[in-house]
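Colleague: Structure below; questions to follow.
The values are calculated or read from the model by the stated rules, or taken from the named source; none is laboratory data. Please read all numbers here as calculations on a predicted model, not as lab measurements. Note that we place each Cβ from the backbone using ideal geometry, even for glycine, and neighbour counts take in every protein chain shown. Only protein heavy atoms, including side chains, enter the accessible area calculation; ligands, DNA and RNA are left aside. Shrake-Rupley method; radii C 1.70, N 1.55, O 1.52, S 1.80 Å.
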Amino acid sequence: MTVSQDAAVQETITPDGRTIGGVLMEMRNITLRFGGVVAIEDISFDIRQGEIRAIIGPNGAGKSSMLNVINGFYHPQDGEVWYKGAIRGPMRPHQIAAQGIARTFQNIALFHGMSTLDNIMTGRLTHMKTGMLSQSVWFGRAQREETENRAFAERIIDFLEIQSIRKTPVGRLPYGLQKRVELGRALAAEPSLLLLDEPMAGMNVEEKEDMSRFILDVNDEFGTTIALIEHDMGVVMDLADRVVVMDYGRKIGDGSPEEVRNNKAVIDAYLGVSSD
Amino acid sequence: MVEFLYGIEVVINGLMAGVMYSLVALGFVLIFKASGIFNYAQGVMALFAAMTLVGVQEGQVPFAHLINSVFGTQYHHFGWHINAFVAIAVAALVMLLFAYLVERYILKHLVNQEPIILFMATIGLAYFMEGFGDLMWGSNIKTLDVGIPQGGNFWIEEKTAFLGGEDFYGFYLDTLDIYATVIAIILVSTLVLFSQYTKTGRALRAVADDHQAALSVGISLRRIWVIVWSIAGIVALVAGIMWGSKSGVQFSLSLIALKALPVLMLGGFTSIPGAIIGGLIIGIGEKLFEFLIGAPFLGGATENWFAYMLALLFLVFRPQGLFGEKIIERV
Ligand SMILES: Nc1ncnc2c1ncn2[C@@H]1O[C@H](COP(=O)(O)OP(=O)(O)O)[C@@H](O)[C@H]1O
Ligand SMILES: [Mg+2]
């Protein structure tokens, strides 16, 4: 297959005027098993610089598992992960985070005892380099670094319109706001690739609209590449440039929202019609 | 009036004992929060740290017994006596090395195991360290003297004598206790400030809250574990110095960890403020109870069991501790 090589040189302008660049990440023939369960079976797809890539599919299709492979929580038995033009060896999740991949979780995983601000500050950790000793005496470089990163965290807080809950312990926030703080923590890392696992699950219509707007703004203003999992077809059609469709661990569709919507296998999977 | 003044003296002594309990309890809480491990070896760590300190200070040859019986030699001492500060620094380095080894050879292999397995591992660790310490430094009772003066503090006694009348001789406070309290306060506040206001402190709290989320923002769990075990090692060293100076370095030193248990039941296993307040309550509580009820009505020596009784009451009426979150079983 030479698709990725072509894509690497190709630049595309989307209908709404954004530039999609070369391949940022490529999954090649990924297979992931848990004992007898095959969560992902021989799946390949790529994510291009600056695009919003959606992964959709019914429950248990293997979508979350795919994000977990990308950020290093799971290690596939087979296949290769290519990132920024190089094959990625076995790496631990915190090392992958340091390479610019940030994420949110299907079931919110915030630091519940901490305030909104502190949660977002932990997102800055990969940008903070001072050693323990200079932090302990809170001196010179360490202090400057803390101040600079604090300023960045405040910008994220403004961007997400959560000034009023800066100091609130996140455990006390309503669900929708927690999701937003979690997005903020991931954004704080200024990621090259942002992974969102069902960012709108469990939200009401208004919250969904807010979240959609934030996702589009992040992509538009910062040029952040985003891979997101979403159940709601309508939302996906609005947000995504390209869509991967998964079902029972296999890839059954890949293309623009239009293409995917008219794909017979996809329609069957979504409507539950048997396809044989 | 005199009774009241002696009561105050009792409270002050209780506070000072309480700060030490808080310190030991803090060692537990840090490790428990960061890794979900109840570290049974905490007390033995204090013993081991104190033994190492004495050994280094006195110029003992480590593993002397082993070396001599294998090679037929007669080494016992290097023949030097090292300055207390240098010896403390060396002992601290040994505790840091210990933390690294624990992570490298034990914790790393037990990631994602059940808490009970981790607990068992620390029991194994405790017995290993106890034997290893004996092998390294000998099992005899050692006296530890890092130059902290002991006995009643006359200055305070004289200066406070005017408070009462004829029958009041001033507050009797042990100088060693005063030192211990000051050092424990400094250590505890440093730890609290460190965890609140530095990025590593924030990473520590993050790991305590959610391992997966911590990994996802680039925190290395293994690095954090080395850090918390190092801190717990230093806390153990300080506790070992204070208790060791008072009553000698011997096996019973490792039992100070038992004093931390009721503190944890009171304060909750996951709360740093809980450990501090819990320690103070037990310190004051046991001294005051002895003074007001124990000695006059119960024949004394209530300090041995008061803390546990209080902890039991808490287990019955407020099992999550003073500051722990309410435990709601999800169904
Ligand atoms: N850690 C795990 N251990 C065992 N099985 C798992 C694990 N994670 C996912 N699976 C299994 O892999 C399959 C795909 O799950 P998942 O990726 O969560 O699907 P989706 O996110 O599409 O709903 C399911 O059958 C699930 O039970
Ligand atoms: Mg999922």
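Colleague: What longest region of chain A stays clear of trypsin sites (Lys or Arg not before Pro) that DSSP places outside H, G, I, E and B and that have at most 10 other Cβ atoms within 10 Å?
Modeller: A:1-128
Colleague: Report for chain A the percent antiparallel among DSSP-assigned beta bridges with both residues inside it, nearest 5.
Modeller: Rounded to the nearest five, the antiparallel share is 60 percent.
Colleague: Here is a further query. Straight distance only, please: which aspartates and glutamates reach the Cα of residue A:251 with their own Cα at less than 13 Å, same-chain residues fewer than 8 apart left out?
Modeller: List returned: A:41, A:42, A:46.
Colleague: Something else: For the Cα atoms of chain A, what angle does the longest principal axis make with the long axis of helix A:175-188, in degrees from 0 to 90, nearest 10?
Modeller: So the inclination is approximately 80 degrees.
Colleague: Rounded to the nearest 100 Å², what is the buried accessible area between B and A, both sides summed, probe 1.4 Å?
Modeller: Heavy-atom accessible area buried at this interface is about 2200 Å².
Colleague: Quick check: with the 1.4 Å probe, what order do B:9, A:11, A:80 take by accessible area, largest first?
Modeller: A:11, A:80, B:9
Colleague: Percent relative contact order of region B:28-257, based on C-alpha pairs within less than 8 angstrom and at least six residues apart?
Modeller: After rounding, I find 37 percent.
Colleague: Suppose every K and R has +1 on its Cβ and every D and E has -1 on its Cβ; what is the size of the dipole of region B:131-237 about the Cα centre, in Debye to the nearest 20?
Modeller: Using only the charged Cβ atoms, the result is roughly 940 debye.
Colleague: Now for a different question. Using the Karplus curve 6.51 cos²θ - 1.76 cosθ + 1.60 with θ = phi - 60°, what ³J(HN,Hα) values do you get for each residue of region A:257-269, in whole Hz, with x for Gly and Pro?
Modeller: For region A:257-269, the Karplus curve yields x, 4, 4, 5, 5, 9, 6, 4, 4, 5, 4, 4, 4 Hz.
Colleague: Which residue, B:194, B:160, B:181, has the largest displacement toward the positive end of the dipole of region B:156-209 when charges sit on each Cβ (Lys, Arg +1; Asp, Glu -1)?
Modeller: B:194
Colleague: Then there's this: Excluding residues on the same chain fewer than 8 positions from residue B:108, give the lysines whose Cα lies under 16 Å from its Cα.
Modeller: none
Colleague: Let me ask another. At 222 nm, what helix-only mean residue ellipticity would chain A give, in deg cm²/dmol to the nearest 500, using -39500 (n - 2.57) for each DSSP H run of four or more?
Modeller: Counting only the DSSP helices, I get -11000 deg cm²/dmol.
Colleague: Dipole of chain A (Lys/Arg Cβ +1, Asp/Glu Cβ -1, origin at the Cα centre): which of A:29, A:262, A:194 lies farthest to the positive side?
Modeller: Checked the options; the winner is A:194.
Colleague: Check residue A:254: other-chain or 5+ apart residues with amide H under 5 Å from its amide H, H built from backbone geometry?
Modeller: When sequence neighbours closer than 5 places are left aside, the close amide H contacts are A:245.
Colleague: Out of region B:50-121, which chymotrypsin sites (Phe, Trp or Tyr not before Pro) are coil in DSSP terms and have no more than 10 other C-beta atoms within 10 Å?
Modeller: Here the sparse-neighbourhood loop sites are B:80.
Colleague: Can you list the lysines whose alpha carbon sits under 22 Å from that of residue B:287, skipping same-chain ones fewer than 8 residues off?
Modeller: Those lysines meeting the cut-off are B:246, B:259.
Colleague: Could I ask something else about it? Exposed loop trypsin sites (Lys or Arg not before Pro) only (DSSP loop, at most 12 other Cβ atoms within 10 Å): please give the longest stretch of chain B free of them, not including the sites.
Modeller: My reading of the result: B:1-325 is the longest stretch.
Colleague: Let me ask something else. Determine, from the Cβ-Cβ distance of residue A:12 and residue A:147 and an R0 of 41 Å, the FRET efficiency 1/(1 + (r/R0)^6), rounded to the nearest 0.05.
Modeller: Result of the calculation: an efficiency of 0.50.
Colleague: Right, here's the next one. Run the accessible area of the protein assembly as shown with a 1.4 Å probe and give the carbon-and-sulfur part as a rounded percent.
Modeller: 61 percent
Colleague: Could you tell me how many degrees, from 0 to 90 and to the nearest 10, lie between the Cα long axis of helix A:140-159 and the main elongation axis, the longest principal axis, of the Cα atoms of chain A?
Modeller: Orientation of helix A:140-159: about 50 degrees from the principal axis.
Colleague: Further, regarding this structure: With helices defined as uninterrupted DSSP H runs, which ones in chain B have an alpha carbon span along their own long axis of at least 18 Å and mean Kyte-Doolittle hydropathy of at least -0.5?
Modeller: Long hydrophobic helices here: B:2-35, B:42-58, B:84-105, B:115-137, B:175-197, B:221-247, B:272-289, B:303-317.
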